[in-house]
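Working notes for the structure below.
Just so it is clear, none of the values below were taken in a lab; they were calculated from the coordinates. This structure is a prediction, so every number in the text was calculated from the model and none was measured. Virtual Cβ from ideal backbone geometry, glycine too; neighbours counted across all protein chains shown.
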Amino acid sequence: MGSRPLASGSSGAPAYRQLSPEQVQQVLDYIDANLQRNITVSTLAAMCHLSSSCFSRVFKASTGYTLCQWMMRQRLQRAQVLLAEPGRTVVDVAIAVGFHDQSHFLRQFKRITGTTVQEWRQRSLT
């Protein structure tokens, strides 16, 4: 089963509203398996046989999040799991979830969770 087409656009190509459930699962599985890598819109779009702009639009329609928002959410959820492991450094966790810069990781963690990594870690380990 493919994406759900709308009426054809002026080019004659079908316009898509959402990804099929199978496509959503395939994309989310790929993201989860590759969080530490640089995942591009074009890679995910190719998996669904869509252009990058069409993929971006239907990904948001299908999930309620932009691709960037989804990946940030997933990276920070995985970071929380890793931060709860004793002996893991913040740098190790940042790299493991795809951040190339510890300070960017720290800023995003605080922005999304509302707490610092240190505060979150102290609460999770007690």
Practice task
Kindly rank 37-44, 65-72 from highest to lowest mean number of other beta carbons found within 10 Å of each residue.
Solution key: 65-72, 37-44
Exercise for the section: Determine, for each peptide in 74-83, 111-120, the mean count of other beta carbons within 10 angstrom over its residues, then list the peptides with the highest first. Expected result: 74-83, 111-120
Completion exercise
Between THR43 and SER20, Cβ-based FRET efficiency (R0 25 Å, step 0.05) works out to 0.85
Completion exercise
In Å³ per residue, the alpha-carbon convex hull of the chain encloses 112
